[in-house]
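For reference, the structure is listed below as structure tokens.
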Amino acid sequence: MIKGAAAGLAGTTALNAVTYMDMVVRGRPSSTTPEQVVEELANRSGRPIPGNSEERESRKQGLGALAGIATGVLVGAAAGQLYPLTRRLGPVVGSVLVGGAAMAATDLSMFRLGVSDPSSWDMSSWLSDAVPHLAFGAVTWAVLTK
């Protein structure tokens, strides 16, 4: 499980790097969905995010990024728990399934919270989501199986 968590952390770094590279290449802004998820969770829990508007926005950005890191570590830890199966899947199928698990975790939570509806996304939006998650899966699988 520890090796899987470390692999998930490495995969998260790859996901972030690919995402930021996409922002550089296409000149697109960062996604606000992590902050929207944090805000919705705070609203539903009855625990507002403290601070004036600037402090509050900064906290939401920080919490959104930390939630992404936690998701990557947890998916990696789960892949580590399933190590014999994960290893046998091979680099292609293993990478796709591990990356798909991370993508499903984030996309389903956004959908369930009413933050975003993936069924309404265009091809560019799907690629912006799928390609970084594939990088996550590839790096997580590679680190886990070495």
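Residues that are open to solvent by less than 50 Å² (accessible area, probe 1.4 Å), touching a residue at least 24 places away in the same chain (Cβ under 8 Å) and in a loop (DSSP other than H, G, I, E, B) occur at least once in the stretch 132-146.
Remark: pairs (first residue in the stretch 42-53, at negative phi; second residue surrounded by 10 or more Cβ atoms within 10 Å (Cβ to Cβ) and basic (Lys, Arg); Cβ separation under 9 Å; 6+ apart in sequence or on different chains) = Ala42/Lys60; Pro48/Arg56; Ile49/Arg56; Ile49/Arg59; Ile49/Lys60; Pro50/Arg56; Pro50/Arg59. From the list Gly94, Gly4, Gly51, Gly80, the lone residue that is assigned to a loop (DSSP other than H, G, I, E, B) and either open to solvent by less than 60 Å² (accessible area, probe 1.4 Å) or touching a Cys at 6+ places or on another chain (Cβ under 6 Å) (or both) is Gly51. Residues in the stretch 24-48 that are surrounded by 13 or more Cβ atoms within 10 Å (Cβ to Cβ), not charged (D, E, K, R) and not in a loop (DSSP other than H, G, I, E, B): Thr33, Pro34, Gln36, Val37, Val38, Leu41, Ala42.
Would it be correct to say that Arg87 is at pLDDT below 95, among the basic types (Lys, Arg), over 25 Å from Pro118 (Cβ atoms) and not in a loop (DSSP other than H, G, I, E, B)? Yes; evaluated as a whole, the condition is true for this residue. If the condition is being under 19 Å from Gln61 (Cβ atoms) and open to solvent by 80 Å² or more (accessible area, probe 1.4 Å), then the stretch 9-23 contributes Thr13, Tyr20.
The values are calculated or read from the model by the stated rules, or taken from the named source; none is laboratory data. Please read all numbers here as calculations on a predicted model, not as lab measurements. Cβ atoms come from the backbone with ideal geometry, glycine included; neighbour counts cover every protein chain shown. To get the accessible areas, we keep the full protein, side chains included, count just its heavy atoms, and leave off ligands, DNA and RNA. Shrake-Rupley method; radii C 1.70, N 1.55, O 1.52, S 1.80 Å.
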